[in-house]
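Contents: one structure, followed by commentary.
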Amino acid sequence: MSAHEIFMAIIAIIGVIGLGIFVPYFITMQITAGVLNEIIGLIAIIASVIVAGVLGFFGMIFFIALSESSYKWRKPKELIENRINIYRARQRAMLEELDEIADILKEIRDVLKSVGE
């Protein structure tokens, strides 16, 4: 898990806790102090809890989606590096074979020169 994913998860958690716990707590304090009407406070508390639930739900969905997508990006990188290593090994083997072929051709040339003389 990258630092960006951890940061986004922390931001989502702070938002959910703030809307789901602290906002209803402070609204309740205002209602008990007589500053806020009970009906308006109750509506605000219910709305705050609903918004916190929706934020938590979508936060988890996006967090899981980001985690899976970052995994999908990491895997092809490893796959590409593996393919490059295989390609390099194949190229080395081909160069060794070409060197052997060049040596054989030089021997054939030398034999043909000796026969031709």
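The values are calculated or read from the model by the stated rules, or taken from the named source; none is laboratory data. Predicted model only: the values in this text are computed from it and were never measured. Ideal geometry is used to build each Cβ from the backbone, glycine not excepted, and the neighbour counts take in all protein chains shown.
Here are the numbers:
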{"quantity": "Meets criteria (polar (S, T, N, Q), assigned to a helix (DSSP H, G or I), loosely packed, with under 10 Cβ neighbours inside 10 Å and at pLDDT below 95) for SER67", "calculated": "no"}
{"quantity": "Any pair with Cβ under 7 angstrom, 6 or more apart, that starts in the stretch 27-39 at a residue that is free of Cβ contacts under 8 Å to residues at least 40 places away in the same chain and ends at one that is of a type in the set (S, T, N, Q) and in a helix (DSSP H, G or I)", "calculated": "LEU36/GLN30"}
{"quantity": "Options ILE31, ILE6, ILE43; residue that is assigned to a helix (DSSP H, G or I) and at pLDDT below 85", "calculated": "ILE6"}
